[in-house]
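Visitor: One structure, pasted below without further comment.
Read-outs: derived from the displayed coordinates by stated rules, not from any lab. In this text the structure is predicted, and so the values were computed from the model without any measurement. Every residue, glycine as well, gets a Cβ built from its backbone with ideal geometry; the counts of neighbours run over all protein chains shown.
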There are 2 protein chains.
Amino acid sequence: MGNYYMGIDLGGTNLRVGVTDEQGHLLQVMQIPTIATSGYTSIIARMIDLIKELTDTYKVETIGIGSPGPLNPFDGIVMSPPNLPGWKDVPITEIVQKEVSIPTLLINDADAAALGEAMYGAGKGKQSSFYITVSTGVGGGYVLQNKIVQGEHGYGAEIGNMIIKPNGPKHANMNAGSLEALASGTAIGREGKARLGIEGGAKEVFAMADEGNQAAIAIISEAMDALAIGIANLVHTLDPSVFILGGGVMNAQNELFSLLRKKVDGYLYEGLRGKVVIKPAVLGDHAGLIGAAMAGINEKN
Amino acid sequence: MGNYYMGIDLGGTNLRVGVTDEQGHLLQVMQIPTIATSGYTSIIARMIDLIKELTDTYKVETIGIGSPGPLNPFDGIVMSPPNLPGWKDVPITEIVQKEVSIPTLLINDADAAALGEAMYGAGKGKQSSFYITVSTGVGGGYVLQNKIVQGEHGYGAEIGNMIIKPNGPKHANMNAGSLEALASGTAIGREGKARLGIEGGAKEVFAMADEGNQAAIAIISEAMDALAIGIANLVHTLDPSVFILGGGVMNAQNELFSLLRKKVDGYLYEGLRGKVVIKPAVLGDHAGLIGAAMAGINEKN
């Protein structure tokens, strides 16, 4: 028996609603296409349908909604995520709570994945972990004693905007030389276009590097160098028990992790070399769902 | 009535032993010159004399010793601080505990000052604070809900070694372009020597800037720019409720704080501009002593 908790992963492509037990085991998941262009009223209506279907079977204590940012976790408002067009200051927790009368909270999707991995993935049993996702962008979440550190204004772990190389390349609304502008899939793709004349993005750069293309290898090495500086700076700030890396760029590639670990070691105090643990994420697509459900448990306790 | 706690500030110049109550009020302080060259046996013997003198009056619950690093807070060992010559892996808490039979712990001096300021200084009542001391070097301490985040290996808030400008100037055993190599008093003094041909260190650079010397003004502006990048990176990592800045370089200079705040704003997400709080430290010399005593309370609870 025990209690049940609901986690929701509101992505630009898929919308997933799941139920976990108190130990983070996923008992059931339902998934539908988000159809981002259908607008927030339609998306939330379909979300509520799924919630009701699952709460017919499971009496859940709380609902945690993981959403792309920017958002205000304290007031439960989704501001204007680039991959949810038309959303503007949507009070999603209020809307859902009114419909289903279950305590609902909102959490940044990277924070949710970080919490899932920390509690039931690669960080299980550790005092602290720093989750980094490297895909189109670079995001993260810092979890200390199974709690997300969101910060005073909810900007904790917005590490894509960390400055790695002052006056470096610009990317979106971020600082010049930001981590995201140097180490994301978008950044690798941009350099592929500039130096190799290809249009296939990061995937094509990785494929060319695998075939031994020196310019492609250099692009990846430079991206990993920027990521290594970011990680070393986090070590000298928080010294977390483990770094957990997910996202399409890292994609659990062994060689890439080896390269990254070596580069990180080069930027650490001597006493720390070889001691910083950098592991691939293990929960895959389910990290955010499980983490959002766990955020509900944390809130309740 | 209530309980008493002892804090010790083991500095390269002065050795201070004090007693606080549970609310962090300093009840009595004794201070003697450390005479760093006299060696650790002599220094610890004199420290124990002061402890005994005070514990004759106050029955203290715990003793917290703040010491320069590197040190191992978990095992209570002072490794080899540059300004305590001859110290090498000294098990200071064990030595003190044997003599006085009171639970004793060791804490990094910057962490102690951070905890003192967080609990009873500029961060009082806040959820979280990041303390930064800018003097000969650059150190810090991150306090979340009145606890120091020391990290897995005790390297939390070793922010002097954060990389701000890859391939920038080298300083001591730190990364090229580290925060300490760019923003410390030592760094300002080094640039003063190189660009102005002066030997008087940071103090002389500040004096010349006050007189309108453009090169001196540029040196200070560049140091504050490096510090601003470091602070912005910490905002996008932890978003603490308040930054508390102490140390001889900042020295509560209003104009310098204004310049720094403006530069920090330039490196933040738009939604954060004007919202990040940067305040001068207020406890002065006593921050470390009070914080070391508070670390004892935290350990006990």
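Visitor: Return the whole-Å distance between the Cα centroid of region B:61-132 and the Cα centroid of region A:71-127.
Guide: Region B:61-132 and region A:71-127 have Cα centres separated by 38 Å.
Visitor: Also, quick follow-up: Using Cβ contacts closer than 10 Å as the measure, can you line up A:Val242, A:Val277 from fewest to most?
Guide: Going from sparsest to densest Cβ surroundings: A:Val277, A:Val242.
Visitor: Run through the other copies and list how far each one's label point is from that of A:Arg273, in nm with one decimal, shortest first; the point sits 7 Å from Cα along Cα-Cβ.
Guide: Taking the point 7 Å beyond Cα along Cα→Cβ, the inter-copy spacings are 4.3 nm.
Visitor: Moving on to the next point. Identify, among A:Phe257, A:Gly271, A:Leu196, the residue whose Cα sits farthest towards the positive end of the charge dipole of region A:125-281, taking +1 on the Cβ of Lys and Arg and -1 on the Cβ of Asp and Glu, with the dipole about the Cα centre.
Guide: Sorting the options by dipole projection puts first A:Gly271.
Visitor: Tell me which DSSP H helices of chain A clear both cut-offs, 18 Å or more of axial length from alpha-carbon atoms and a mean Kyte-Doolittle hydropathy of at least -1.0.
Guide: Membrane-span-like by this criterion, though nothing is claimed about a membrane: A:40-57, A:214-238, A:287-300.
Visitor: Quick one: work out the % antiparallel among DSSP beta bridges in chain B, nearest 5.
Guide: Counting DSSP beta bridges with both partners in chain B, the antiparallel share is about 60 percent.
Visitor: Work out how far the C-alpha atoms of region B:124-282 reach from end to end along every principal axis, then list the three figures in whole Å, largest first.
Guide: Taking max minus min along each principal axis of the Cα atoms, region B:124-282 gives 46, 33, 29 Å.
Visitor: If you rank A:Thr104, B:Thr13, A:Thr133, A:Thr55 by fewest surrounding Cβ atoms within 10 Å, what's the result?
Guide: B:Thr13, A:Thr55, A:Thr104, A:Thr133
Visitor: Which Cα, out of B:Trp87, B:Ala295, A:Gln28, lies furthest along the positive dipole direction of the protein assembly as shown (beta carbon charges, K/R +1, D/E -1)?
Guide: Positive-most Cα among the choices belongs to B:Trp87.
Visitor: To the nearest 20 debye, what is the magnitude of the charge dipole of chain A about its Cα centre, counting +1 on the Cβ of each Lys and Arg and -1 on the Cβ of each Asp and Glu? Intermediate values should be presented prior to the final figure.
Guide: Working: 22 positive and 30 negative charges, 92 e Å.
It works out to roughly 440 debye.
Visitor: If all Cα-Cα distances of the protein assembly as shown are sorted into 20 Å bins from 0 onward, what percent lands in each bin, rounded to whole numbers?
Guide: 20, 49, 28, 4
Visitor: Sequence neighbours fewer than 8 away in the same chain don't count; with that in mind, list the aspartates and glutamates whose C-alpha is under 15 Å from B:Lys52.
Guide: Those aspartates and glutamates meeting the cut-off are B:Glu61, B:Glu99.
Visitor: Specify the inter-centroid distance of region A:230-301 and region B:200-275, based on alpha-carbon positions, in whole Å.
Guide: Region A:230-301 and region B:200-275 have Cα centres spaced 31 Å from each other.
Visitor: Let me ask another. For B:Thr41 and B:Ser135, what is the calculated FRET efficiency with R₀ set at 25 Å and r taken between the beta-carbons, to the nearest 0.05?
Guide: 0.30
Visitor: If chain B were replaced by its equivalent ellipsoid, with semi-axes equal to the square roots of 5 times the Cα gyration tensor eigenvalues, what would those be, largest first, whole Å? Don't skip to the answer; put the middle values down first.
Guide: Numbers: eigenvalues 227, 95, 56 Å².
Equivalent ellipsoid semi-axes, largest first: 34, 22, 17 Å.
Visitor: Which log10 I(q)/I(0) values does region B:68-112 give at q = 0.20, 0.33, 0.34 Å⁻¹ under the Debye formula, counting every alpha carbon as one identical point scatterer?
Guide: -0.60, -1.15, -1.18
Visitor: Could you list the trypsin sites (Lys or Arg not before Pro) in region A:82-172 that lie in coil according to DSSP, counting only those with at most 15 other Cβ atoms within 10 Å of their Cβ?
Guide: Sparse-neighbourhood loop trypsin sites (Lys or Arg not before Pro): A:Lys88, A:Lys124, A:Lys170.
Visitor: Starting from the Cα of B:Lys279, draw a straight line to each of the lysines and keep only those under 26 Å, dropping any in the same chain fewer than 8 residues away.
Guide: Candidates past the 8-residue exclusion: B:Lys124, B:Lys126, B:Lys147, B:Lys165, B:Lys203, B:Lys262, B:Lys263.
Visitor: On to the next question. Using the Cα centre of region B:124-282 as origin and beta-carbon charges of +1 (Lys, Arg) and -1 (Asp, Glu), tell me which of B:Ile159, B:Pro169, B:Leu238 is placed farthest towards the positive end of the dipole.
Guide: B:Leu238
Visitor: Inter-copy label distances at B:Glu199, 7 Å along the Cα→beta-carbon direction, one decimal in nm, shortest first?
Guide: 6.7
Visitor: Using the Kirkwood radius over C-alpha pairs as Rh, can you work out the diffusion coefficient of region A:1-64 via Stokes-Einstein at 25 °C, viscosity 0.890 mPa s, in µm² per second?
Guide: Answer from the Stokes-Einstein relation: 204 µm²/s.
Visitor: Also, quick follow-up: Restrict the search to region B:1-86; then list the trypsin sites (Lys or Arg not before Pro) that DSSP places in a loop and that have at most 16 other Cβ atoms within 10 Å of their Cβ.
Guide: B:Lys59
Visitor: A further question on this structure: Magnitude of the Cβ-charge dipole of region A:131-258, K/R +1 and D/E -1, about the Cα centre, nearest 20 debye?
Guide: Dipole size: approximately 240 debye.
Visitor: Mind sorting B:Asp9, A:Asp225 by how few other Cβ atoms lie within 10 Å of their own Cβ, fewest first?
Guide: Numbers: B:Asp9 28, A:Asp225 21.
Ascending Cβ contact count within 10 Å gives the list A:Asp225, B:Asp9.
Visitor: Which FRET efficiency, nearest 0.05, do B:Val277 and A:Gln214 yield, Cβ-Cβ r, R0 56 Å?
Guide: On the way: r = 48 Å, r/R0 = 0.86.
Result of the calculation: an efficiency of 0.70.
Visitor: Report the GluC sites (Glu not before Pro) located in region B:133-221 that are in a DSSP loop and have at most 16 other Cβ atoms inside 10 Å of their Cβ, or state none.
Guide: Hits after loop and neighbour filter: B:Glu199, B:Glu211.
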